[in-house]
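Chemist: I'd like to ask some things about the structure below.
The numbers here are math on the coordinates, done by the rules we state, and not lab data. No experiment lies behind these values; they were computed from the predicted model shown. Here the Cβ positions follow ideal geometry from the backbone for every residue, glycine too, while neighbour counts run over all protein chains shown.
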Amino acid sequence: MLLELAKDAAKAEKEVVPEEEVDRGIAALTELFNGVKNKSTPIIVERIVADIDSIVKIVRFEGWQSTTAGKQEVKKALRSVVWVKYKIKDKEVFEKAYSYIEQYY
């Protein structure tokens, strides 16, 4: 029983993204959306980054970057936040945000 518990703990450790990686992802996304923000686009950067972070954590899975389905799910989730919820239709911003997510999550 103890051996099974140790195996489960080791498996869980492999599946968890280190907190420093997530922090760098949040920092990169924050920098990106701070660069997009101007007087005519009053977006609240912290809110959009938090929304992206929370939805990506839900849809991602171990090794998602190397699967077509994983990439599609993350892009779909990102699109729902950036394009649909916040109405930011800039393809370059979307691609940069996805790139950061792919790298840090």
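Chemist: Which value results for Rg/Rh of the stretch 28-102 when Rg is the Cα radius of gyration and Rh the Kirkwood radius based on the inverse mean 1/r? Show your work: numbers first, answer last.
Modeler: Numbers: Rg = 12.1 Å, Rh = 12.5 Å.
Taking Rh as the inverse mean 1/r over Cα pairs, Rg/Rh reads 0.96.
Chemist: Still on this structure: Taking R0 as 25 Å, what's the FRET efficiency between GLU31 and ARG79 from their Cβ-Cβ distance, rounded to 0.05?
Modeler: After rounding, the FRET efficiency stands at 0.75.
Chemist: When only C-alpha pairs under 8 Å and at least 6 residues apart count, what is the relative contact order of the stretch 36-86, in percent?
Modeler: Relative contact order comes out at 38 percent.
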